[in-house]
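A short reminder: the numbers here are calculations on the coordinates, not readings from a lab. Only a predicted model underlies this, so the values are computations on that prediction, with no experimental measurement involved. When we count neighbours, we look across all protein chains shown, and the Cβ atoms used for this are built from the backbone with ideal geometry, even at glycine.
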Amino acid sequence: MIEEELKIIPEPAKVSLNDGVFLLSQKTTIQVDLTSTRNGEYLKQVLALQYGLILAFHKSSESNEGKNSIILKTSNEKELNNSERYSLLVSKENIIISATTSVGVFYGIQTLLQLIPNRALKGDKISLGFSIPCVAIEDFPRFKWRGFMLDESRHFFGKKQVKKILDLMALLKLNTFHWHLTDDQGWRIEIKKYPLLTEIGSKREGTITSQRFLRSNQKIKAPIDEIPVSGYYSQQDLRELIQYATERFITIIPELDFPGHTTAVLAVYPELSCTGGPFKVSTRFGIHKDVLCIGKEKVFEFIQNVLNEIIGIFPSSIIHIGGDEAPTRRWKRCFDCQARIKEESLGSVENLQEYFTNRIADYLGLKGRQIIGWNEILNDNLIDNALCQYWTNYFDKVLEHIRKGREVVMSEMKALYFDYPYRLIPLHQTYNYDPIPSNLEEKFHKKILGLEACLWTEYVKNNDKLEWQAFPRLIAVAETGWTPKNKKNFESFLRRLERFLPLLSAFDVNYPKKEDFLQDQ
């Protein structure tokens, strides 16, 4: 067997194949040390649910490692360079997964699961067991931020689908779930101090059916489908999903989009705008001219109260505050905003968002949290530890800030926006994208934390469409985030993907046919 015959995605950093196989059967046991108990229970559950293997489970020590066992262990020697590193050794006698942290052991398990033959997924008889090739793997990720963003403001998918996404992310060694939960078209988080945010702000009358253009490239209004859209997560729901993600070593980063994309807020509290409204939760997409009024103190009181509850729910040290596409049209004519410019010596209306962002960042900083925002938040006076998420335009400005010490997550729209069809962003375009710019000096490469794929759901109305858009492109993102650059090869990836797709089928994922995701090849 040659290395490329292994169906592992992401491609491991170091792989050595040896002679022979390990026979995985009902007689195999799972042995764990004290720090690997949770991982052992997870492996036992997955093997039972996906492969019908019911294995005995018990604790052991290094001096008593039995044969015909899967051994999970965490060493005391700390890996200073990478806490997600693991080693996987498959011999004829046993399988040993070792790491310096629990997350490393967990990722070793994900690799092991991909070594089990696909026929095991089809319910083949397991009396004789399944052969796993003898292999030695030393593995670690290239980037520490390997993410997927799901927009549930435009359309709501619910707990079951989010858990399914988290399971798939875990299999792919993705570790960051960015959850876009508020926008013009809906507010999806229960805030106990402001119950009307979900009672009113989570509901809209319908959705625009398409975006049409005249020959002059001027937009004309398309009809609304008049199909109501609603849904939100209670705080209990959120805690359940956070726990589910934590068990899979995935951090959930919530995004509350401010000061723009706030029509769903203004529909409930029009006094937070510059004009006083009235407003409705928007049925149309794009940039909306009505945004939060930065001149009013009640706006900051509202945001701080909301953030207090968010902090109480989400353990993530990072909170996403959006910051994109905030037009200044209303601020220019607003008495309160103009007064704020004068009082704070901001100079011009363009500096209002800078003031807003730093003030929110300062508040979150006092609570021990760090902000991230889309690249529109960048300015020369931005608070030092604010993270930037790049999506489009003004990349020279992003490079400038990287060279000043700013850390960036890359979400290049032309490669990582999965709301676009495959004919515009085919699989090879996503796979060949590299998050480190070619013109960035090597000494600044560590400022690129990693990459994150984004799925905006304006025209993604159901779970089948969500999965169709995301897979297999998200699999390509996982390999870019994990695999050393010099080991990446698209043709190898396609061969491995052929053997990986049955795993998607086992998860009941609705993914496109090969001729669809390989468009423009």
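Check each of the trypsin sites (Lys or Arg not before Pro) in segment 121-191 and keep only those in coil by DSSP with at most 15 other C-beta atoms within 10 angstrom; list them in order. The partial results should precede the final answer.
Working: sites: LYS122, LYS125, ARG142, LYS144, ARG146, ARG154, LYS159, LYS160, LYS163, LYS164, LYS173, ARG188; in loops: LYS125, ARG142, LYS144, ARG154, LYS173, ARG188.
Passing both the DSSP loop test and the Cβ count: LYS125, LYS144.
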Calculate, for ASN305 and ASP237, the FRET efficiency according to 1/(1 + (r/R0)^6) with r their C-beta to C-beta distance and R0 25 Å; round to the nearest 0.05.
0.80
With a ≥ b ≥ c the root eigenvalues of the C-alpha gyration tensor of the chain, is it rounded (a/c under 1.5), prolate (a/b larger than b/c) or oblate?
prolate
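Of the chain, which part is the longest with no GluC sites (Glu not before Pro) in a loop (DSSP not H, G, I, E, B) and with at most 11 other C-beta atoms within 10 angstrom? Provide the component values of the computation, followed by the final result.
Values: sites that count: GLU77, GLU226, GLU441.
Longest gap between qualifying sites, sites excluded: 227-440.
Decide, for segment 196-347, between rounded, prolate and oblate: order the square roots of the alpha carbon gyration tensor eigenvalues as a ≥ b ≥ c, take rounded if a/c falls under 1.5, and otherwise choose prolate if a/b is larger than b/c, else oblate. Numbers along the way, then the final one.
Details: a/c = 1.88, a/b = 1.14, b/c = 1.65.
Since a/c reaches 1.5 but b/c is at least a/b, the shape of segment 196-347 is classed as oblate.
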